[in-house]
Structures are given as C-alpha cells and as structure tokens.
Amino acid sequence: MADRDHSPGTPAERVAAGKAARSAAPRSSHGEWEAPAGRADPVELLERQAASRVGRLVPLRYGRMLASPFAFYRGAAAVMAADLAAAPRSGFETQLCGDAHLTNFGAFASPSERRLVFDLNDFDETLRGPWEWDLKRLVASFSLAGRERGFGRRRRRRIVRAASAEYRETMRRLAAMGNLEAWYQQLDAETIAERWVAAAGERQRTRFERGVAKARAKDSSRAFSKLVDDSGGEPRIASDPPLLVPIRELGAEAVGVDVEARVQELLGEYRESLDEERRAVLDGYRFVDAAFKVVGVGSVGTRAWIVLMLGRDERDPLFLQVKEAQRSVIEPYAAPSRFDQQGERVVQGQRLMQASSDLLLGWLRTEGIDGHRHDFYVRQLWDWKASAKVEEMEPRALNAYAQICGMTLAHAHARGGDRIAIAAYLGRGEVFDRAMAEFAETYADRSERDYEALRTAVGEGRVEAET
C-alpha cells in the first residue's frame, strides 16, 4: 500500500485505508517471526559495519556488547534491521528512529521553556520506513531488559503489552486531534510524575525526584567540572585515553595537520547549518579545546569529538558533541534518504520526531585526518540530560516506563506519518498487543543466541574484544 502523506484524503478515507490494510497484513501476523532462510551471520553483519569505523576501537565495541544479551542488542541494530526486512508491514510509513530500544529514550531541557521533557534522544539511524520496525525494536528491548532483571515470562509479556497498548491508545487519541494539537504533544517530568511515578511506589518516586534534580544539574558547567583541567591557566580537556584523547595528543594520527585550525574551520561550516538566531548564540562563544571521545555501545568506533567553548568567562562554558553520521542501518531495506549529507539526515529526522530539539543542533562535512570524507552532526553534550536506570527498576516501575516509551514513540510517529490510518489499523482491541508480546519473546530468544555467537567468535579468535 502506498504511503499517503502528500495527499492524505479525508479522515473517513484514511480510516478505511487503515482497516483495509489488515487484510494484507493481519495484526496477529506481527507476532510471527522466524529467522529467514539464508539469514546472514550476525557476526559478519557487525564486521561489515565495523569496516567504516575506527579500527582500534572496534574491539572495545565488542567488549561492551558482550556485557550482557541486552548490551549486545543495543549494539545490534544492523542485525535487527536485516531481520525485520521480511516481516509483515501494514503499508504505512513514518519517520523512524531506526534504533528505538528503551535506553534511547530520555530527558533533556526544552530550548525555550527550559522544562525537563522526555523524548527519543538518539537518531543516528533515523530514516523513513514502516512504523512497525521501531515498535518491534522497542518491545524486544523490554523483553531482554526484563530477562536481565530476572523477571519471569508472564511478567515480561505484561510489560511488553503495556508498551504496545500505550502506543496504540496514544495513536488513537492523536488521530482524534487536529494537526497542530497532535504535533505539539509531548511528555514532561511533571506529567510523568502525575500519571506514573506515584503508582510505581515510594522507592521509585524518590529515585525519580533524585533523577530530576540530577538531570537539571547535568549541563555544560557540570561537564566542565568533570572533563576539564584548569589548573594550568587556560582550561584544557583532561586526557583519559583511549576514551578521551585531546587534540594535542593525537600525535602520529595528525602528522602535517594543524588540527586546531581545522577544528575552527569546521565550526564555521557547522555554523552555516544553523538558523540566524542560533548563530547569534554560537557567536557569543570562543573555541578553547577539543578531544576525541568514545561514546555509547552501538556507536563505539564512529568518530566523535567534544568541543569546549567559553562565553562570558570560565563560568560560562559550552560543550558541543560532534558525532559522525554514517548511512542508516535500515537504508538497505527501505528507500534511500533524500539527504546525501548523513549529518543533515540525522538532524532533519530528529527535528521531525522531537517536539523540542536542541537549540544548537546542526551538521557539517569534512575530510578527516584519515583522508576520507566524513559527515557529522553537532549538538550540546549535556543539557539537563537524564536516562532511566533500568537496572534498578522493579516490575511495576518497568511496566510504567514501558508505557512512557510507548506513548513517546506514538507522538514521534504521528508527526511524520498518517496517525489516522495507523490508529485505524491498530484498532481498539488487544490483538496487536498480544502479537507484540509474542514477537518480543521470540526475537529476544534469537538475540540471545546471536549474543552467544559473538561470544563464540571472540573465544575462537575470529574477532577481538576488549573491555
């Protein structure tokens, strides 16, 4: 079925299209998943992905993925993208996160109101595609997280169904709203506290309040205190190789390159990607230092930098993160991005999916010190950043968090897709929710076996892992 974004039709026509799609792709069919014939070796897929990364960091990536099956899953978006390519599709597309597992949601500051909002916060793989792919990535992550927490199968299924039901019910509410009203929907800390935290128990309420306070303190000033050595006059980013390597220590990697001058030049290119009023904000800061920084689990090996800038004085720092953007892992199975510049792909996808995006979000392209072209996107390193501590959650709390993520994903998908048709396809009943519970358990089983395959590959010396 063709995507209907450019000529959506009347609400009645869109409802009819959503219901008609159930014939081609019954909702129950989403619960069925088997490894496709000739399924690619998951380790080979990861190795292909590693070919474009910084080689010396790839063993660190594998080491982080081997921490647990859930950690493996976080780094295996490329594996799951290949697996979902042949899965049932309703035929309705939206802007996808592309890697919507539960730890890629979190809290940050809205740029104008300075409220703590909750949303998706990782868009490295964003691209247009079937909305089901994001939701399946999310629910399988809850199954794996539940296993890591020692929850039984019945409890895990309830958590997954809670995520799916909240997505479905939120999409139905959005379908009944006007376009602008639906666009502006988002979750903030106050709404989460009112709806979910009280029901999760006193311990979770205390943890939530502590987390909110910690998030509001996690900004560039906090990053300055943790990452900067200012004992020798002009502040400099502290060295902590291989995780944090200042540009002054690049040595042989940058022979014949004036790295500082190059960084200044790139900041100028990045500036051109910003709107005029946001350039005025950036122009109030001066460049001080930069460093290569290892980030995340799935992102390890991509090129990522942090840039220290100062405004009025040393009490007015700004940390920017400059992160490499490669082609989305879902692009081989969906239409190519209309953006050739991969940093721009990430930024435009983020702006479409988030109700509030970073004030300084932008992009740039450069020839690296390795002689190859690289695309990057830029954002603030910390701006009231917070993430849920899943490892501390009891079943009731994880169930509430599943609902929060389900609602958030529906908000994001409604901005870039046909919320009316998707809501009609999902319907009022629990057919699709039960299918998601089946899929999540089945795919979590598969992901655990893939994790073991990586462990075996490391044990046999086929790939190297480093903790």
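The values are calculated or read from the model by the stated rules, or taken from the named source; none is laboratory data. Since the model is a prediction, treat every value here as computed from it, not as a measurement. Cβ: placed from backbone, ideal geometry, glycine included. Neighbour counts: every protein chain shown.
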Scan region 173-193 for residues that are among the charged types (D, E, K, R) and over 16 Å from residue 408 (Cβ atoms) and jot them down. 181
Kindly establish whether residue 345 is over 23 Å from residue 54 (Cβ atoms), outside the structural domain of residue 58 (by TED's automatic domain parsing) and at pLDDT 95 or above. no
Take residues that are under 30 Å from residue 207 (Cβ atoms) and of a type outside the set (Gly, Ala, Ser) and tell me which of the helices (runs of 4 or more DSSP H) falling wholly in region 377-467 contain 3 or more. 395-416, 431-459
I need a count of the residues in region 212-239 that are more than 11 Å from residue 384 (Cβ to Cβ), of a type in the set (Ser, Thr, Tyr) and in contact with a strand residue (DSSP E or B) (Cβ under 7 Å, 6 or more places away or on another chain). 2
Mind checking whether some residue in region 82-91 is farther than 24 Å from residue 466 by Cα, without any contact (Cβ under 8 Å) to a residue 60 or more places away in the chain and surrounded by fewer than 17 Cβ atoms within 10 Å (Cβ to Cβ)? yes
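Could you list, in sequence order, all residues of region 116-151 that are part of a loop (DSSP other than H, G, I, E, B) and either among the charged types (D, E, K, R) or under 14 Å from residue 445 (Cα atoms) (or both)?
122, 124, 125, 149 - these are the residues of region 116-151 that are part of a loop (DSSP other than H, G, I, E, B) and either among the charged types (D, E, K, R) or under 14 Å from residue 445 (Cα atoms) (or both).
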Quick one: how many residues across region 316-328 are surrounded by 19 or more Cβ atoms within 10 Å (Cβ to Cβ) and among the basic types (Lys, Arg)? 1
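Tell me whether region 412-424 contains one or more residues that are in contact with a helix residue (DSSP H, G or I) (Cβ under 8 Å, 6 or more places away or on another chain), among the β-branched types (Val, Ile, Thr) and farther than 13 Å from residue 166 by Cα.
Within region 412-424 (the criterion being in contact with a helix residue (DSSP H, G or I) (Cβ under 8 Å, 6 or more places away or on another chain), among the β-branched types (Val, Ile, Thr) and farther than 13 Å from residue 166 by Cα), the answer is yes, since at least one residue qualifies.
Listed here are the residues, each with its yes/no results for (1) buried (at least 24 other Cβ atoms within 10 Å of the Cβ); (2) touching a strand residue (DSSP E or B) at 6+ places or on another chain (Cβ under 9 Å); (3) closer than 18 Å to residue 32 by Cβ; (4) of a type in the set (S, T, N, Q).
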position: 96; (1), (2), (3), (4): yes, yes, no, no
position: 116; (1), (2), (3), (4): no, yes, no, no
position: 127; (1), (2), (3), (4): yes, yes, no, no
position: 130; (1), (2), (3), (4): yes, yes, yes, no
position: 136; (1), (2), (3), (4): yes, no, yes, no
position: 139; (1), (2), (3), (4): yes, no, yes, no
Applying the selection to region 274-315, what residues are surrounded by fewer than 17 Cβ atoms within 10 Å (Cβ to Cβ) and not hydrophobic (A, V, I, L, M, F, W, C)? 275, 276, 277, 279, 283, 284, 286, 311, 312, 313, 314, 315
Out of the residues in region 329-353 meeting the condition of being out of contact with any helix residue (DSSP H, G or I) (no Cβ under 7 Å at 6 or more places or on another chain), in contact (Cβ under 8 Å) with a residue 60 or more places away in the chain and not in a helix (DSSP H, G or I), tell me which one is surrounded by the most Cβ atoms within 10 Å (Cβ to Cβ). 334
